[in-house]
Structures are given as structure tokens and as C-alpha cells.
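Okay, structure first, notes after.
Taken together, the values in this text are just the output of simple stated rules run on the coordinates, not laboratory data. It should be emphasised that the depicted structure is a prediction, and the values quoted were computed from it without experimental measurement. In this analysis, Cβ positions are derived from the backbone assuming ideal geometry, glycine residues included, and neighbour counts consider all displayed protein chains.
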Amino acid sequence: MHAVLQQVFDSWSAGLSAAPAEWCQMHPLQDDRLWSAQELIEHLVLTFRSTSRVLSRRLERGRPTADRSTPVQWLLQMIVLSFGHMPRGAPAPSFARPDQLHWPPMQGSALVDLLRQEIDQMDALLDQCRQRFGPQRVATHFMLGPLRPDQWRRFHVVHLRHHLGQLRRLRQAVGQPAEHQAQPART
């Protein structure tokens, strides 16, 4: 895994690995509209899989995208990629909304393993695209437009950090996972 992805992945791993399955299903403020830790991971897995599909198609075709960025896409690239800001409150695209994979309740370590597998697969495809096509724009992001391999990685780092903030807010709302593992006995 590329070092920039590894660093943010380690933050996810540290915050989620020890969480029991029950905690991973909890919603902030008991509001089902706000994602649980498992739903956050499912969303991330779906975004990594989407990127992997786009990159795989480019590799199969044997050529990078010919798309050019529109002025709006260029502006969004500046906001997200250059400034590292992912707008809060923007709805996830339909292909990346949780509850599509029909996962049973999972503990944090299993979720972290799934996340690592998807990042590793996408990262390997980014390396293949860089080797085959060089530093040019290789594939088109649905919102940001055509991106180079380094820009794809940067997008996913910003996106992971954005959702890491949600995981922190989840911890603040429902408590640390360890608090739910060992409840003190009442006397």
C-alpha cells in the first residue's frame, strides 16, 4: 500500500480494530440516517471498488481516458485535491451508499481487513496505470473529472480522512468501543 494511503489507513485501523460487532452497528444519536461504523466501512469499500472498476476498464482498453476537465471539475479538483477539503453533508452517490453488500454485523477487525483488501487492490491498479500510461490522466472520476494516479490516491486520502472525522464523531456520540466491551458490574 502506498505510504500516503497507509498513513490514513493506520488511523482507521487504530480506531476500529478492537470494536465489537454491536458497537460497529450503533448510529450516532440513535439516528438511523447517520451512518454506523460498519456503514462507513461499507461506503468506503464501495468507493474503492468503483475506482478499481474504472481503472480496470482503462487497463483493459489499453489507453487512458481522453476526457478533459470542465471548469467546474477543475474547481472541485482544487477544493478536494489541492486544499484537501471534502464538503460535509453532500449525499453519497447511489453506487456508494451502504446496505448494498448485505453484510452481517461484523466486528471492527473484520471491517478493517475488508477495507485493507480493497485499498490494496485499488492501489495495485493505480500502480499498473502509472506504469502503463505514465503520469497523465488515466480515468475519469464521476464528479472530479479525469485524474492522474497520484490524484486518485489524493482523492481517496481526503475521502478517508473525511470519514475518519465521522468515526470520531461517532465515538463522541456513542462512546469508545472499549466501553461497550466491558460494562462494569452493578452492585
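How many residues are in a helix (DSSP H, G or I) and within 17 Å of residue 90 (Cβ to Cβ) when one looks only at segment 142-167?
11
Of all residues being touching a residue at least 24 places away in the same chain (Cβ under 8 Å) and loosely packed, with under 13 Cβ neighbours inside 10 Å in segment 8-31, which is farthest from residue 169 (Cα to Cα)? Just the residue, please.
My answer is 22.
Checking the structure you have, find out if any residue of segment 56-79 is in a helix (DSSP H, G or I), surrounded by 16 or more Cβ atoms within 10 Å (Cβ to Cβ) and within 16 Å of the chain's Cα centre (by Cα).
no
So, residue 105, is that one in a loop (DSSP other than H, G, I, E, B), in contact with an Asp or Glu (Cβ under 7 Å, 6 or more places away or on another chain), in contact (Cβ under 8 Å) with a residue 24 or more places away in the chain and not aromatic (Phe, Trp, Tyr) or not?
No; evaluated as a whole, the condition is false for this residue.
Small (Gly, Ala, Ser) and touching a strand residue (DSSP E or B) at 6+ places or on another chain (Cβ under 7 Å): which single residue out of 94, 82, 69 fits that description?
Being small (Gly, Ala, Ser) and touching a strand residue (DSSP E or B) at 6+ places or on another chain (Cβ under 7 Å) holds for just one of 94, 82, 69, which is 69.
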